[in-house]
Amino acid sequence: MTTQVPISLNGGQKNDLRIQFAALCWRRKRGKLQVLLITSRGRKRWIIPKGWPMDGKTPAASALVEAWEEGGVVGQVRGQCLGVYSYAKTGEDGAVPCLAMLYPVKVKALAKQFPEKGQRKRMWCSRRKAAQLVDAPDLARLIRDFDPRSGGLAG
C-alpha cells in the first residue's frame with residue numbers, strides 16, 4: 001500500500017482550502033501503459049483533467065465529466081480514489097489552495113469534438129514522462145505509482 005504524503009495548503013489558511021476531482025486517464029497501446037495529459041488554459045502547463053464538485057454527481061462521476069469537457073475522453077472510472085494531491089490554483093483572486101481527489105479513468109476513445117477543444121492540447125505519454133511534466137510533486141508520485149492491474153497504486 002502506498003503511503004499518502006502530507007498535504008500542503010500552499011500558503012493559504014485551512015478555511016481557504018477547496019476540493020476538486022481529477023481524472024487519471026489511461027490506456028494500453030502495444031502493451032504499454034500510457035497516461036493522457038492536457039494543457040492548462042492559461043499558462044499551457046501539462047496537467048490532468050480536474051474540476052469542482054458538481055451537484056448531484058459523485059466525485060468519480062465529476063472527474064469523468066471533467067475528462068470529457070477538458071480532454072474529450074470517452075471512458076469509465078475504473079476503481080476507487082487513488083489518493084489526493086495538493087496544489088495552488090491561480091486565478092484572478094490570487095492563489096487558492098486546492099486538494100484534488102484522483103480517480104482512474106480507462107479511456108475507450110478520444111473525441112475529435114469536445115467542449116474545450118481549441119483551448120487545450122492533449123498528449124499521451126508514459127507514466128514516467130507524465131510524472132516529469134506535471135508540476136505537483138504528489139501528483140507526480142501518484143502517476144508514477146499507478147498500476148491498473150493492482151486496482152490503483154503499486155506498492
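Over the residues of the chain, the helix contribution to mean residue ellipticity at 222 nm works out to -5500 deg cm²/dmol, using -39500 (n - 2.57) for each DSSP H run of at least 4. Note on the chain: antiparallel DSSP beta bridges, both residues inside, total approximately 75 percent of the bridges counted. For segment 7-103, chymotrypsin sites (Phe, Trp or Tyr not before Pro) meeting the loop criterion (DSSP other than H, G, I, E, B) and having at most 16 other Cβ atoms within 10 Å: none. Considering every alpha-carbon pair of the chain, the percent of pairs per 5 Å bin, from zero through the bin containing the longest distance, is 2, 10, 19, 24, 23, 14, 6, 2, 0, 0.
Cross-link partners for Lys112 among the lysines, with Cα-Cα distance under 27 Å and sequence neighbours closer than 8 places in the same chain left out: Lys29, Lys32, Lys44, Lys50, Lys57, Lys121, Lys129. Rounded to the nearest Å, what's the spacing between the alpha carbon centres of segment 55-73 and segment 85-112? Just the number, please. The distance from the Cα centre of segment 55-73 to that of segment 85-112 comes to 11 Å. For the chain, the relative contact order works out to 30 percent when only alpha carbon pairs closer than 8 Å and six or more residues apart are counted. Once the Kirkwood radius over Cα pairs is known for segment 24-86, the Stokes-Einstein relation at 25 °C and 0.890 mPa s delivers a diffusion coefficient of 191 µm²/s. Distant-in-sequence amide contacts of Cys25, defined by a placed amide H-H separation under 5 Å and a gap of 5 or more residues or a different chain, comprise Leu36, Val105. Inter-label distance, Asp16 to Lys112: 4.5 nm, where each label sits 7 Å from its Cα along the C-beta direction. Rolling a 1.4 Å probe over the protein heavy atoms leaves Lys108 with an accessible area of roughly 140 Å².
Taking all protein chains as shown and a probe of 1.4 angstrom, Ser150 keeps an accessible surface of around 70 Å².
On the basis of the beta-carbon distance and an R0 of 22 Å, Gln119 and Asp147 show a calculated FRET efficiency of 0.10. Remark: the chain carries 55 Å² of accessible area per residue (probe radius 1.4 Å; ligands, DNA and RNA excluded). For the set Phe146, Phe114, the ranking by accessible area, highest first and with no ligand, DNA or RNA atoms included, is Phe114, Phe146 under a 1.4 Å probe.
The values are calculated or read from the model by the stated rules, or taken from the named source; none is laboratory data. What you see is a predicted model; the values in this text were computed from it and never measured. We place every Cβ from the backbone using ideal geometry, glycine too, and count neighbours over all the protein chains shown. All accessible areas refer to the heavy atoms of the entire protein, side chains included, with ligands and DNA or RNA removed. Shrake-Rupley method; radii C 1.70, N 1.55, O 1.52, S 1.80 Å.
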